[in-house]
Amino acid sequence: VVELKVGLHCEECIKKILKAIKKIEDIETYDVDMQLNKVTVTGNVTTEEVTKALQKIGKQVSNWGEDTATSY
């Protein structure tokens with residue numbers, strides 16, 4: 001399970017994020033919580049894979065529970 005904090009500002013952001021997540025191989029489920037600015041992905045996937053996919057579309061990403069954004 002990968003849990004990341006991502007800036008979710010509008011419906012367009014969420015659409016882009018979902019599109020990026022769906023391209024990742026071996027995911028089972030995913031959830032975007034707009035109120036918590038939280039993206040959860042389950043499956044055979046690493047934090048780095050999800051982070052890179054979201055950074056590719058220009059999103060600031062940090063590990064859930066951390067205050068600072070992490071760059072890989």
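The values are calculated or read from the model by the stated rules, or taken from the named source; none is laboratory data. It should be emphasised that the depicted structure is a prediction, and the values quoted were computed from it without experimental measurement. All Cβ positions, glycine included, derive from the backbone under ideal geometry; neighbour counts span all protein chains shown. What goes into the accessible areas is simple: the full protein's heavy atoms, side chains included, and nothing from ligands, DNA or RNA. Shrake-Rupley method; radii C 1.70, N 1.55, O 1.52, S 1.80 Å.
Quick notes on this structure:
- Helical runs (DSSP H, four residues minimum) scored at -39500 (n - 2.57) apiece and divided by the length of the chain put the mean residue ellipticity at 222 nm at -9000 deg cm²/dmol.
- The candidate values were (i) 3, 17, 23, 22, 16, 12, 6, 2; (ii) 3, 10, 10, 9, 8, 8, 9, 14, 13, 8, 4, 2, 0; (iii) 3, 18, 34, 28, 14, 2; the one computed from these coordinates for P(r) over Cα pairs in 5 Å bins from 0, in percent carries the label (iii).
- Carbon + sulfur, % of accessible area of the chain - ligands and nucleic acids excluded, 1.4 Å: 45 percent
- Shown in residue order for the range 26-33 are the 3J(HN,Hα) couplings computed by the Karplus curve 6.51 cos²θ - 1.76 cosθ + 1.60 at θ = phi - 60°: 6, 8, 9, 9, 8, 9, 10, 9 Hz (x for Gly and Pro).
- Neighbour-limited loop hits for trypsin sites (Lys or Arg not before Pro), the range 1-48 (at most 12 other Cβ within 10 Å; DSSP other than H, G, I, E, B): Lys23
- Distance from the Cα centroid of the range 6-26 to that of the range 29-67 is 9 Å (rounded to whole angstrom).
- Close amide H contacts of Asn63 (hydrogens built in the peptide plane, cut-off under 5 Å, sequence separation of 5 or more or a different chain): Lys5, Thr70.
- Rough spin-label spacing in nm, given labels placed 7 Å along Cα→Cβ, for Gln60 and Met34: 2.0 nm
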